[in-house]
Amino acid sequence: QVQLVESGGGLVQAGGSLRLSCAASGISVSQYTMAWYRQAPGKQREAVATITSGGSTNYGFSVKGRFTISRDNAKNTVYLQMNSLKPEDTAVYYCYAGLFTRRYWGQGTQVTVSS
């Protein structure tokens, strides 16, 4: 059974930092395209950052230069380092794993940025 378990969310002031973790079981994060998505109230889920099995990364325009996605294959965990947080970053953040037709989602972790 595949599980993606996010952690690290919380309440932070604008300008602060958080690091989200996504611990995977049942899959190897090194073989999958791993990503972070977020969904704010009343808005569609959007891709925040992606890391491929080859290590290539891609970021959403609104977070480029502030967020960093990384992967620790030994811990089978993916991270999202979020710096210079803004109130508009407030959302539920979801971990995603994809490989061909296999797609898995975590349960999400709330990030709230106060102004």
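Structural remarks
- Remark: the chain carries a charge dipole of roughly 120 debye about the Cα centre, counting +1 on each Lys and Arg Cβ and -1 on each Asp and Glu Cβ.
- Normalised by the number of residues in the chain, the mean separation of alpha-carbon contacts (under 8 Å, six or more apart) gives a relative contact order of 36 percent.
- Here's the list of lysines a cross-link from LYS43 could span, going by alpha-carbon distance under 29 Å and ignoring same-chain residues fewer than 8 apart: LYS64, LYS86.
- In this structure THR50 has an accessible area near 40 Å², from a 1.4 Å probe over the protein heavy atoms.
- Extended-chain gain in nm, criterion 0.36 nm per residue less alpha-carbon gap, SER84 and GLN13: 24.6 nm
- The spread of Cα positions in segment 47-115, taken along each principal axis and listed from longest to shortest, comes to 39, 24, 23 Å.
- Positive minus negative residues near GLY10 (Lys, Arg vs Asp, Glu; Cβ under 13 Å): -1
- Sequence-separation-based contact order of segment 49-115, relative, with Cα cut under 8 Å and 6+ spacing, percent: 22
- Label-reachable residues, segment 81-100, where backbone N falls under 18 Å from a point 7 Å from SER30's Cα toward its Cβ: 98-99
- Accessible carbon and sulfur surface of the chain relative to its total accessible area, %, 1.4 Å: 46
- Between SER115 and VAL2, the simple label model (points 7 Å from Cα in the Cβ direction) yields a spacing of 3.9 nm.
- Projected area, mean over directions - the chain, Cα convex hull, nm²: 6.8
The values are calculated or read from the model by the stated rules, or taken from the named source; none is laboratory data. Treat the numbers as computed from the prediction; the structure is a model and nothing was measured. Neighbour counts are summed over all protein chains in view; Cβ atoms, including those assigned to glycine, are modelled from backbone coordinates with ideal geometry. The accessibility values were calculated without ligands, DNA or RNA, using every heavy atom of the protein model including side chains. Shrake-Rupley method; radii C 1.70, N 1.55, O 1.52, S 1.80 Å.
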